[in-house]
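K.L.:
Before we start, here is the structure in question, set down as structure tokens.
The values are calculated or read from the model by the stated rules, or taken from the named source; none is laboratory data. Worth saying up front: this structure is predicted, and the values here are computed from it rather than measured. Every residue, glycine as well, gets a Cβ built from its backbone with ideal geometry; the counts of neighbours run over all protein chains shown. Surface accessibility is based on the protein's heavy atoms, side chains included, excluding ligands, DNA and RNA. Shrake-Rupley method; radii C 1.70, N 1.55, O 1.52, S 1.80 Å.
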Number of protein chains: 4
Amino acid sequence: MSGASPAAEALPTVTSVYRCKVAWGECDPAGIIFYPTYFHWFDSATWQLFAHVGLPMLRLLADGNMMPLVAADIRFHNPAKPGDECEVRTRIERWGGKSFVVAHDVYRADGELLATGTETRVWICKLEGVTGPMTAQTIPAELKARFCAK
Amino acid sequence: MSGASPAAEALPTVTSVYRCKVAWGECDPAGIIFYPTYFHWFDSATWQLFAHVGLPMLRLLADGNMMPLVAADIRFHNPAKPGDECEVRTRIERWGGKSFVVAHDVYRADGELLATGTETRVWICKLEGVTGPMTAQTIPAELKARFCAK
Amino acid sequence: MSGASPAAEALPTVTSVYRCKVAWGECDPAGIIFYPTYFHWFDSATWQLFAHVGLPMLRLLADGNMMPLVAADIRFHNPAKPGDECEVRTRIERWGGKSFVVAHDVYRADGELLATGTETRVWICKLEGVTGPMTAQTIPAELKARFCAK
Amino acid sequence: MSGASPAAEALPTVTSVYRCKVAWGECDPAGIIFYPTYFHWFDSATWQLFAHVGLPMLRLLADGNMMPLVAADIRFHNPAKPGDECEVRTRIERWGGKSFVVAHDVYRADGELLATGTETRVWICKLEGVTGPMTAQTIPAELKARFCAK
């Protein structure tokens, strides 16, 4: 840990919790969760993390902000079953200049870890009336600061 | 049939076919299709019907046209299973002044009827830059004419 | 109301509430909810109604009970948007001998009615080890009694 | 390439193609594909690869075989839009003793690369009547041989 910057150590990150329940229709004929379901949860959990720090979806959209993905991954530890109560614990794992990594840990209500994954997203501010390809922009320091746990 | 108008009898309607295969992830732990899947197919089949008469999705969107639903229904005749090859046969069942009914019949490749349903939609032309609630508009005769089988 | 049977009036039915939030990924490029989403909610809301009267999904499955659909319908009153908090109020609308109708009303948190619909389902008890087509069975009076509001 | 084994070079792998079209309901309010959709396609593409080598879904299920995932990942290169015709090119990227990696490349009809990803799965043969946790099994050489291009 000697290489870690003091600043980073001084800034623990906010974690938000997205609660969900495995729906009958989210499970497959093997009787367990159909795995893309986790990514549906990840996306909702990321929006919730931003709402948690004062940036709900409607405000982001009104401001022209979007967070398209450049990559995502997941590891499956235990299969979720129909009716399982779950929670996704979400936090920013790493900030880049124009991109950031969101980490998600999915736990069943009894504490069992079901899956862990990340989404790598870029930050975009799309001005009204502007069409054409969107390009990633430098993430404002003000935005990053919102995710520092008090 | 004596009450049917000569005009209506003279205008058989176009039918288009949307082909699909029941995915593993569209089935539930009972091992049969999760029923909302049919409505996903219905929506795609309606877009395809419009493409079939010369109005592909991109043109409709470019022209500001949308077809939001006011109602939908379905009856299930036989359960689809994972891997079943299916086709949705779609046609306009009825034209109103501002709304229309799309009828869908879902068949398995062996000819078995799986489900039948309808979507009732309204016709909207959203002008660019105009915000606020959308209201249904009178369906142009030119549009209706496209769906008359030659 | 003079035609209503005394028995029916004496047995108000249980209503359960399924809470949900319109996810970003449940909305389409028009910026409103993609309509099959409501049927995903309806299915979850029906399972929740049964859980509410003491029959959670895992017990139903362990007992070999299933409730496949024979029909469903919906009417759309107002479009839900990304992030809208909603609730589905669910009750048994009608009992038949072997089938029953579940009614769902979807409200936004501000009280606006978004959609109303029904599912018609049949009651099945699949004995372990028995294969072949499932047939609907007479619904036990004990089951119906669970849904009478105290 | 000097380190590659002669055996590996002698065994080019089979590639199958899964064709799909981006549905209206698979896109989000940003007007592009909702990213978990790609994983729905990946799962279908894997089943299709197995069908391509003579192991269709129904035979796998009848034999008690399943291929649950231990990991998955994706990189996004270009956003798919409503109505885009796409194809997923799928092959086995690596065989382990009990696990294997399936690689998926998603192309738009005009040849543009949209996304690339992998699924890591384990091989299971669940004997009828046996309950309890499933464990990964050694992948038979006969299975691996099916995926060698002639």
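K.L.:
Could you please give the count of residues in the stretch B:35-72 that are more than 25 Å from C:I74 (Cα to Cα), more than 7 Å from every other protein chain (Cβ to nearest Cβ) and open to solvent by 30 Å² or more (accessible area, probe 1.4 Å)?
P.N.:
Total meeting the criteria: 7.
K.L.:
Report whether or not D:K81 is charged (D, E, K, R), closer than 24 Å to A:W41 by Cα and free of Cβ contacts under 8 Å to residues at least 60 places away in the same chain.
P.N.:
Here the answer is yes, as D:K81 does meet what is asked.
K.L.:
Of the residues A:R121, A:R75, only one is open to solvent by less than 20 Å² (accessible area, probe 1.4 Å), under 16 Å from D:I74 (Cα atoms), within 17 Å of the chain's Cα centre (by Cα) and of a type outside the set (V, I, T); which?
P.N.:
Only one candidate qualifies: A:R121.
K.L.:
Does B:G111 satisfy being at pLDDT 95 or above and in a loop (DSSP other than H, G, I, E, B)?
P.N.:
yes
K.L.:
Would you point out the residue of the stretch A:82-107, among those that are open to solvent by 40 Å² or more (accessible area, probe 1.4 Å) and not in a strand (DSSP E or B), that is nearest to the other protein chains (Cβ to nearest Cβ)?
P.N.:
This residue is A:K98.
K.L.:
Would you confirm whether any residue within the stretch B:53-76 is touching a helix residue (DSSP H, G or I) at 6+ places or on another chain (Cβ under 7 Å), farther than 16 Å from B:S16 by Cβ and modelled with pLDDT of 95 or more?
P.N.:
Scanning the stretch B:53-76, I find at least one residue that is touching a helix residue (DSSP H, G or I) at 6+ places or on another chain (Cβ under 7 Å), farther than 16 Å from B:S16 by Cβ and modelled with pLDDT of 95 or more, so the answer is yes.
K.L.:
Would you mention how many residues in the stretch C:19-31 are modelled with pLDDT under 95 and either in contact with a strand residue (DSSP E or B) (Cβ under 7 Å, 6 or more places away or on another chain) or of a type in the set (A, V, I, L, M, F, W, C) (or both)?
P.N.:
Count: 2.
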